[in-house]
Amino acid sequence: MIRSILVFRICKIISLSSLFYVSVTWSTVTLGETELIPFSGYRLSGEFEDVATGNRVDINDTGSVGFIVNIDDKPGSAYEFLYSKQSSKLKAGSSVPSDELFAIDIEYFHLGGILLKPVNPYTHSFFGAGLGITHFSPDLSGFSSETELSLSITGGYKYTLSKHLGLSLGLRAYGTLVDSNTTIFCGEGSCSIRFGSDLFTQFEANAGIIIRF
């Protein structure tokens, strides 16, 4: 309980600091230097352990949705805010066929930046990193959600279609920082799941439409 409260307070401080930072940054740029990128993707992997049995519990590979806001900093670089959500289900990894346990939403809120390199007049490659929080929300009445610190790295390509439109193709790796064997999704006097290592990882491929204004 103390750890959850501490993490929540740290995340709240980071969120408020991030909002202030973005507001200040936004006030220093002009129109034509901002990109909104709604995207659809597919997220892979991620696993927990069953507290009662110790068996692996997998997350179904499913689609994801979200958006990215890029704010130009200087030629060749930009600030980035990312929101990405996956709605999936947990399944017992040791059974054949796997038994589905319950539904779960996993959301990422990240701030970071990207570096861009021209490939040709219409195409740029990019590489970047972000830092923020991961929110785990189980579809179980009376059971708690969890929020943890996380980071990400990304790379891909941006294609210019016109002055205000383009396409973005990217890959992203997420790493959530946790304590090994920490129990989560607690309610009704028990906890159903725990982390099996100190780093919870997921991978995502996404495609989006760039709206520049």
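Largest first and in whole Å, what are the equivalent-ellipsoid semi-axes of the stretch 161-206 based on the Cα gyration tensor, each being the root of 5 times an eigenvalue?
38, 13, 7
Going by C-beta contacts inside 10 Å, put T134, T53, T123 in order with the fewest on the left.
Going from sparsest to densest Cβ surroundings: T53, T123, T134.
All other residues with a Cβ under 12 Å from the Cβ of K91 taken together, and with Lys, Arg as +1 and Asp, Glu as -1, what is their net charge?
-4
In whole angstrom, note down how far apart the Cα centers of the stretch 106-141 and the stretch 36-96 are.
Result: 11 Å between the Cα centres.
List the lysines whose alpha-carbon lies under 21 Å from that of K158, not counting same-chain residues fewer than 8 positions away?
List returned: K74, K117.
Tell me, Y108, Y122, Y83 in order of fewest to most beta-carbon neighbours within 10 Å?
The fewest-first ordering by Cβ neighbours comes to Y122, Y83, Y108.
How much length is gained if the chain between A173 and T123 is pulled fully straight, taking 0.36 nm per residue apart and subtracting their Cα-Cα distance, in nm to one decimal?
Full-extension gain reported as 15.8 nm.
Mind giving me the nanometre distance, one decimal, between the label points for T62 and K163, set 7 Å out from Cα along Cα→Cβ?
4.2
Can you sort K117, K74 from fewest to most other Cβ atoms within 10 Å of each residue's own Cβ?
Going from least to most buried by this count: K74, K117.
Residues with beta-carbon under 11 Å from that of H124, excluding H124: net charge, scoring Lys, Arg +1 and Asp, Glu -1?
+2
Read-outs throughout are calculated quantities, based only on the coordinates presented, and are distinct from any laboratory measurement. This one's a predicted model, so the numbers in the text were calculated from it and none came from an experiment. For neighbour counting, all protein chains shown are included, and Cβ atoms are generated from backbone atoms with ideal geometry for every residue, glycine included.
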